[in-house]
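J.: One structure is given below, represented as C-alpha cells, and several questions about it will come after.
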Amino acid sequence: MTAEPLDSRVEHLLRELAPQVLGAVARRHGDFAAAEDAVQEALIAAAAQWTADGIPANPSGWLYHVALRRMTDHVRSELSRRRREDTVATDVVAEWAFVPPPDATLDANQDDSLVLLFMCCHPALTPPSAIALTLRAVGGLTTAEIASAFLVPEATMAQRISRAKQSIRASGIPFALPGDAERAERLGAVLHVLYLIFNEGYASSAGADALRADLSNEAIRLARMLHDLLPDDPEATGLLALMLLTDARRSARTGASGELIPLDEQDRALWNHERIAEGVALVEAALSKGVVGTYQLQAAIAAVHDEATRADDTDWPQILALYDVLMRMSDNPMVALNRAIAVAMVHGPAAGLALLDDLDGDARIRGHFRLDVVRAHLLERLGDRERAAAHYRAAAERTLSVPERDYLLTRAARLVSPDIS
Amino acid sequence: MKYILMMHAPRGNGEYQIDGWSPDDFKAHIAFMRDLNRDLIERGELVGAEGLTPPGQARVVCAGANGAPVVTDGPFPEAKEFLVGYWIVETDTPERAYEIAGRASTAPGPGGAPLNMPIEVRQVMSAPPTDL
C-alpha cells in the first residue's frame, strides 16, 4: 500500500491537533479570540513548512511554541504601540515572555476540546455564527473551506468568524466547562449546532457537491469526538447514532438527476449497512442507560426504519410507540406532525388526517408548508388524488428548498397524469 | 436566510440616467455603494453584489427553431423598468434584509439627493430539504 502523500498527512494532522493546541493556548491565556488568531497563524506556518521540510518529531509542541510566540509578539507590538511603561505592562510581557521550546510536550488538558465546543456553541451566538466558529476552532477547517461550504465569499465568512470571536470576548465567557446548573442547557446548544452542521451537509447529493458532503462527515467526526469525551452522556450518544443512521441512507436519497427519493421508495441495497449497525448499537447502549432524551428517541426511530429490509417490513407500531414517548417529552408540533404519519401507517390514513385537523388549531404550525406535505401524503394514501395534488402544490409554493419543491411538484403531477407511476 | 435585493429603475426619462449626472454626483453614488458593500462584508452578510450594464446594452437570447441562439436587442420594449443591479445577502431575520434594502434605496443621485428607488426583496431558496 503506497503511503499517503505528505500534503494530506499534514492536513489531517493539523485538523486533529488544531483544537488541542487552541485549547491549551486559550486555557493558559484566557483570551480566546487572540488565541484563535495566534493558532491560525501557527497552522498556516505549519502547513507551509511541514509540507516542505517534513512533519517535526513533536508536532503539537511545535504548534504550541509558534502560537505562543505569535501571541507574545502581538502583545509586545500592541504595548509598544500604546507606549505603556508601567509595571502592569512589564508583568504582562514577563508572563508571556516564557515560551516553551518547540520540543516541549504540549500541556494538553483532556477537557480542552470539550470547553472549546461549549464556547463555540454558546447560546449567546446566533446559529450561523456558532456553526462557523465551531467548524473553524474545533473542526480545524480553513475559512475558505467554510465559506465554500456555505456558498458565501471568503471575506464575508472571515468577518462572520471574527465577529463571533469578538462576541465571545465581549461576553466575558470564561475558558472553562459550564457549571452543573447550566450544563444540560449548554450541552443542548452544542448538540443543536452539530445537528445543524450535519443537516446542511446531508442536503447535497453525494456526487454533485463534494464540498458540501464533507459537512456531514465533519459533523459526524465532531459528534464522535463529543461522544468520546462524554461516553456516558446518552444524548451525545443519541446524536451520533442519529447522524450515522440518517447518513447511512445518503446514497439512496437522490436519484440520477439529483431528484429526491422518499424513504419508502429508496433502494435499500444502497444503504450503508456498516453505519446502520454502528448506529443501532449506539442507540441500544444509550437507551440502556435509563435516561431518555429527544436525540436518543429520534435515533431509535431512525434505527427502526433502517432495520427494515423493505419499506413494507417497517415496524410502524414500534415507531408510533416511540413517537408517543417523544410527544411526552417535547412540546414541538413538528413531532406531532411526524407522529400523525406513524398513526396513519398503523391505523389508516383517516386517523392520521384527523390528527392534522387538530394541528390546524396550533398557532405554531398552522399554515406551515409541512402540514400541507403530510396532508398531501395521507390524502394520496386515502385515494383522494385531486385534493392531495392541491396540497402538494400549495406546499411546493412555500418550501425554501429547491429539491424539495421539485419533489412536491413531481408528486402532484403524478397524481394528475392518467398513468399511475 | 438568504435574500436577493433587486434595484430597479424606470426606463426612459427616469431619474436613474447616470450617464447624465455630474462627475461629483456619480462619484458620490459609487462611494455610497462601496461603503454599503464594505459594511455588509464586515457584518458577514454579503454573499454577492453586482451592478449591471445599462439596458441599451442588454440582449435577449432565445433558442431558434434549429436550436441555435437568436440574439435581439433588449430588454422587452414593454418593460417599464429595468434591473440596475442586485445584492444577495444572508441575514438572521427578514427585517434586517428590509433594513439593508432601505439603506440601498437611499443611494444618492443628482444633487446628492437620495434616489429612494424601489428595491424588490425576495428570499432565496437555499434551505436544505427535509428528510423524507
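What follows is calculated from the coordinates using simple rules that are stated; it is not laboratory data. Because the structure is predicted, anything quoted here is derived from the model rather than measured. Don't worry about glycine lacking a Cβ; one is built from the backbone with ideal geometry, like all the others, and counts go over all protein chains shown.
J.: Along the principal axes of its C-alpha atoms, what lengths does region A:14-54 span, in descending order and rounded to whole Å?
T.: So the three principal-axis extents are 33, 16, 13 Å.
J.: Another question about this same structure. What are the semi-axes of the equivalent ellipsoid of region A:217-268, taken as the square roots of 5 times the eigenvalues of the Cα gyration tensor, listed largest first and rounded to whole Å?
T.: Values: eigenvalues 165, 24, 7 Å².
Square roots of five times the eigenvalues give 29, 11, 6 Å.
J.: For a protection proxy built on the mean count of beta-carbon atoms within 10 angstrom, sort A:410-416, A:111-117 highest first, please.
T.: Values: A:410-416: 17.1, A:111-117: 21.0.
In descending order of packing, they fall as A:111-117, A:410-416.
J.: Averaging sequence separations of C-alpha pairs under 8 Å and six or more residues apart, then dividing by the length of chain A, give the relative contact order as a whole percent.
T.: Working: 524 pairs, mean separation 39.3, N = 421.
About 9 percent, as a whole number.
J.: Follow-up. Given R₀ = 41 Å, FRET efficiency for A:Arg76-A:Ala176 by Cβ-Cβ distance, to 0.05?
T.: Working: r = 27 Å, r/R0 = 0.67.
About 0.90, to the nearest 0.05.
J.: Calculate one ³J(HN,Hα) per residue across region A:218-232 by plugging θ = phi - 60° into the Karplus curve 6.51 cos²θ - 1.76 cosθ + 1.60, and present them in order as whole Hz with x for glycine and proline.
T.: With the stated coefficients, region A:218-232 comes to 5, 4, 4, 4, 5, 5, 5, 4, 4, 4, 5, 6, 10, x, 9 Hz.
J.: Per residue of region B:23-30, what does 6.51 cos²θ - 1.76 cosθ + 1.60 with θ = phi - 60° give for ³J(HN,Hα)? Whole Hz please, x for Gly and Pro, Karplus curve as stated.
T.: x, 5, 4, 4, 4, 5, 5, 4
J.: So, one more: Inside 10 Å of the C-beta atoms of B:120-130, what's the mean count of C-beta atoms belonging to other chains?
T.: Mean inter-chain Cβ contacts per residue within 10 Å come to 6.
J.: Okay, next question. Can you pull the semi-axes for region A:125-182, root of five times each eigenvalue of the Cα gyration tensor, sorted largest first, whole Å? Walk me through the numbers on the way to the answer.
T.: Working: eigenvalues 113, 28, 17 Å².
Sorted largest first and rounded, they come to 24, 12, 9 Å.
J.: Starting with the fewest neighbours, write out A:Asp313, A:Asp306, B:Asp92 ranked by other beta-carbon atoms found within 10 Å of each beta-carbon. If you can, show how the numbers build up before the last one.
T.: On the way: A:Asp313 9, A:Asp306 24, B:Asp92 13.
Arranged by neighbour count, lowest to highest, A:Asp313, A:Asp306, B:Asp92 become A:Asp313, B:Asp92, A:Asp306.
J.: What fraction, in whole percent, of alpha-carbon pairs in region A:1-71 exceed 13 Å separation?
T.: Numbers: 1510 of 2485 pairs.
Within region A:1-71, distances greater than 13 Å cover 61 percent of Cα pairs.
J.: In Å³ and rounded to a whole number, note down the convex hull volume per residue for the Cα atoms of the protein assembly as shown. Mind dumping the intermediate values first?
T.: Values: hull volume 130.9 nm³, N = 553.
Taking only Cα atoms, the protein assembly as shown has a hull volume of 237 Å³ per residue.
J.: I've got another one for you. So, in Å, what gap is there between the alpha-carbon centers of region A:288-360 and region A:239-284?
T.: 18
J.: Taking the Cα centre of each part, how many Å lie between region B:62-92 and region A:1-62?
T.: Each part's Cα centre sits 49 Å from the other's.
J.: Considering all alpha-carbon pairs of region B:18-72, what whole percent are spaced by more than 14 angstrom?
T.: Details: 1054 of 1485 pairs.
For region B:18-72, the share of Cα pairs beyond 14 Å comes to 71 percent.
J.: Give a quick list of chymotrypsin sites (Phe, Trp or Tyr not before Pro) in region A:97-198 that DSSP marks as loop, anything other than H, G, I, E or B, with at most 12 other Cβ atoms within 10 Å.
T.: Working: sites: A:Phe98, A:Phe118, A:Phe150, A:Phe175, A:Tyr195, A:Phe198; in loops: A:Phe98, A:Phe150, A:Phe175.
Listed in order of number, the matching sites are A:Phe98.
J.: Using the Cα atoms as the points, what is the convex hull volume per residue of chain B in Å³?
T.: Working: hull volume 20.4 nm³, N = 132.
Roughly 155 Å³ of hull volume per residue.
J.: Are there any trypsin sites (Lys or Arg not before Pro) in region A:281-339 that are in a DSSP loop and have at most 11 other Cβ atoms within 10 Å? List them by number. Working shown, then result.
T.: Values: sites: A:Lys289, A:Arg310, A:Arg328, A:Arg339; in loops: A:Lys289, A:Arg310.
The qualifying sites are A:Arg310.
J.: Can you pull out the trypsin sites (Lys or Arg not before Pro) in region B:21-93 that DSSP calls coil and that have at most 11 other Cβ atoms within 10 Å?
T.: Details: sites: B:Lys27, B:Arg34, B:Arg38, B:Arg43, B:Arg59, B:Lys80; in loops: B:Arg43, B:Lys80.
Sparse-neighbourhood loop trypsin sites (Lys or Arg not before Pro): B:Lys80.
J.: Continuing with this model, one more query. In the neighborhood of A:His12, defined by Cβ-to-Cβ distances under 12 Å, what is the net charge if each Lys or Arg adds +1 and each Asp or Glu adds -1? Intermediate values should be presented prior to the final figure.
T.: Numbers: positive: A:Arg9, A:Arg15, A:Arg221; negative: A:Glu4, A:Asp7, A:Glu11, A:Glu16.
That works out to -1.
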